[in-house]
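A.B. asks: This structure is in structure tokens; I'll ask about it shortly.
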Number of protein chains: 2
Amino acid sequence: MKLEEAKRNFVEAWGTLGTNWGINRTMAQIHALLMVSEQPLSTDEIMEILDISRGNANMNTRALIDWGLAERKIKLGERMEFFVGEKDIWKVAVKIIRERRKREIDPLRATLRDLKMIDDKEDKKEEYQKFMKLLDDIDGFADSADKITDKMVLADKNWFFGTMMKLMIK
Amino acid sequence: MKLEEAKRNFVEAWGTLGTNWGINRTMAQIHALLMVSEQPLSTDEIMEILDISRGNANMNTRALIDWGLAERKIKLGERMEFFVGEKDIWKVAVKIIRERRKREIDPLRATLRDLKMIDDKEDKKEEYQKFMKLLDDIDGFADSADKITDKMVLADKNWFFGTMMKLMIK
DNA sequence: ATTAATTTTCAATTTATTTTGAAAGTTCGA
DNA sequence: TCGAACTTTCAAAATAAATTGAAAATTAAT
């Protein structure tokens, strides 16, 4: 396999993975493309390489910027914008975790809190308590997950996968 | 809010969360419904409560069974099948992790391994090395994630969120 | 063996998501 | 200030995913 071919396959594979993680295929592919590019790429280059429309390219580069997975790079003397991808896979993971938490876990926990406002405690005592326990368990689990990911978001990669992993895995 | 209302809201919220995690809405809703049910439920009851078709109910109860998130329960003297949901949120998390790993992470890692079979090492030496490093980084990250989730899959809930969390969070 | 009860399948439909592309908007140099 | 270069928007079209429902298959009682 040649390098260029391998890169193409990588872009495809990353796109497929993205789909499974709530990131649309194009967004993941652009990100992969930016990860394997030596140079910043323009919208036109992205359109050309991935064979997608301008609208699509524009929407998804902006989504990547929102997520912190890419940034704009202005080249002196060039009018056009160029894009650079975050290449540190640790940072990529941290940004995805942060974004998903904001969009999914936080709202879930808010919902759980609302659900605890049940006012027929006296009726169906046992059933009520079981449901309450389920809500508490879920919230407790989410809380632990939050704490782990907090650590990850704040920690340095080497600390996390060095020191901490040793504690865990040993 | 009344208990029944809270349960309905919970089923909805769980359904929404599911969508974000690659589990379709109905599957997540059935699972939520089984979690909050005191009794095993029949396909007809699930259809009735969630207002879905028989085909849909059947497909998704079976999917839940495949994932290990529900099981069939035969009632003596009853012809119909009933379903019981896994209610231990720790076990639920472990089963989802295991299933997603099987379907997504394992294939990705296999792809990464294939991509390493590049035969133009000599050309474009530096570019080749950078790409190789990216693949290694991703694989290393996936490996660490695997190890953490292995621990989770094997560990006891209390150990994991007791002992281990203390080590991590402190 | 018959048939009534129940489960499974799957083509057709519905719903949700993504993509296109052209028009509108913006920016900047001359 | 004009206009070319470039970016953004968004309604319509295309694609993908979930759902229906009725027919086929299976199961179990008589």
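A.B. asks: State all residues of region B:112-122 that are within 7 Å of chain A (Cβ to nearest Cβ) and either in a loop (DSSP other than H, G, I, E, B) or surrounded by fewer than 17 Cβ atoms within 10 Å (Cβ to Cβ) (or both); if no residue qualifies, say none. Explain how you work it out, then say what you get.
C.D. replies: Residues of region B:112-122 within 7 Å of chain A (Cβ to nearest Cβ): B:115, B:117-120.
Residues satisfying the conditions are B:Met117, B:Ile118, B:Asp119, B:Asp120.
A.B. asks: Only one residue in A:Ala6, A:Ala57, A:Ala13, A:Ala70 is among the small types (Gly, Ala, Ser) and under 19 Å from B:Glu127 (Cα atoms), so which one is that?
C.D. replies: Working: A:Ala57 fails: under 19 Å from B:Glu127 (Cα atoms); A:Ala13 fails: under 19 Å from B:Glu127 (Cα atoms); A:Ala70 fails: under 19 Å from B:Glu127 (Cα atoms).
Step by step, each of A:Ala6, A:Ala57, A:Ala13, A:Ala70 is checked, and only A:Ala6 is among the small types (Gly, Ala, Ser) and under 19 Å from B:Glu127 (Cα atoms).
A.B. asks: Give the residues of region A:61-84 that are under 16 Å from A:Met27 (Cβ atoms), within 10 Å of DNA strand D (Cβ to nearest atom) and outside any strand (DSSP E or B), sorted by residue number.
C.D. replies: Answer for region A:61-84, where residues must be under 16 Å from A:Met27 (Cβ atoms), within 10 Å of DNA strand D (Cβ to nearest atom) and outside any strand (DSSP E or B): A:Thr61, A:Arg62, A:Ile65.
A.B. asks: Can you report the number of residues in region A:32-45 which are within 10 Å of DNA strand D (Cβ to nearest atom) and assigned to a helix (DSSP H, G or I)? Let's see the steps before the verdict.
C.D. replies: Taking region A:32-45 as the starting set, the residues that turn out to be within 10 Å of DNA strand D (Cβ to nearest atom) are A:42-44.
Then keep just the ones that are assigned to a helix (DSSP H, G or I); that gives A:43-44.
Total satisfying the criteria: 2.
A.B. asks: So which residues in region A:32-54 are within 14 Å of chain B (Cβ to nearest Cβ) and either in contact with a His (Cβ under 8 Å, 6 or more places away or on another chain) or crowded, with 16+ Cβ neighbours inside 10 Å (or both)?
C.D. replies: Within region A:32-54, A:Ala32, A:Leu33, A:Leu34, A:Met35, A:Val36, A:Ser37 qualify.
A.B. asks: What residue, among those in region A:20-31 that are within 10 Å of DNA strand C (Cβ to nearest atom) and within 17 Å of A:Lys95 (Cα to Cα), is modelled with the lowest pLDDT? Walk me through how you get there before you give the answer.
C.D. replies: The initial filter retains those residues of region A:20-31 that are within 10 Å of DNA strand C (Cβ to nearest atom), namely A:22-30.
Right, trim to within 17 Å of A:Lys95 (Cα to Cα) and you get A:22-24, A:27-30.
Details: A:Gly22: 81, A:Ile23: 91, A:Asn24: 94, A:Met27: 98, A:Ala28: 98, A:Gln29: 98, A:Ile30: 98.
Checked region A:20-31; the qualifying residue modelled with the lowest pLDDT is A:Gly22.
A.B. asks: Here are B:Ala70, B:Ala13, B:Ala6: which of them is open to solvent by less than 40 Å² (accessible area, probe 1.4 Å) and closer than 24 Å to B:Thr149 by Cα? Even if it seems obvious, please write down each step before you answer.
C.D. replies: Values: B:Ala13 fails: closer than 24 Å to B:Thr149 by Cα; B:Ala6 fails: closer than 24 Å to B:Thr149 by Cα.
Exactly one of B:Ala70, B:Ala13, B:Ala6 is open to solvent by less than 40 Å² (accessible area, probe 1.4 Å) and closer than 24 Å to B:Thr149 by Cα, namely B:Ala70.
A.B. asks: Moving on. Residues in region B:124-138 that are open to solvent by 30 Å² or more (accessible area, probe 1.4 Å), touching a helix residue (DSSP H, G or I) at 6+ places or on another chain (Cβ under 8 Å) and more than 7 Å from chain A (Cβ to nearest Cβ): how many?
C.D. replies: So the count comes out to 0.
A.B. asks: Follow-up question, since we're still on this one. Restricting to region B:20-31, name every residue that is part of a helix (DSSP H, G or I) and either open to solvent by 80 Å² or more (accessible area, probe 1.4 Å) or in contact (Cβ under 8 Å) with a residue 12 or more places away in the chain (or both). Don't jump to the end; show me each part of the working.
C.D. replies: Pass one, region B:20-31, residues part of a helix (DSSP H, G or I): B:20, B:25-31.
The answer is B:Arg25, B:Thr26, B:Met27, B:Ala28, B:Gln29, B:Ile30, B:His31.
A.B. asks: Taking B:Lys87, is it open to solvent by 30 Å² or more (accessible area, probe 1.4 Å) and in a loop (DSSP other than H, G, I, E, B)?
C.D. replies: yes
The values are calculated or read from the model by the stated rules, or taken from the named source; none is laboratory data. Not measured: the values here are computed from a predicted model. Cβ sites come from the backbone with ideal geometry, for glycine too, and all protein chains shown count toward neighbours. Accessible surface is based on the protein model in full, side chains and every heavy atom, while ligands, DNA and RNA are left aside. Shrake-Rupley method; radii C 1.70, N 1.55, O 1.52, S 1.80 Å.
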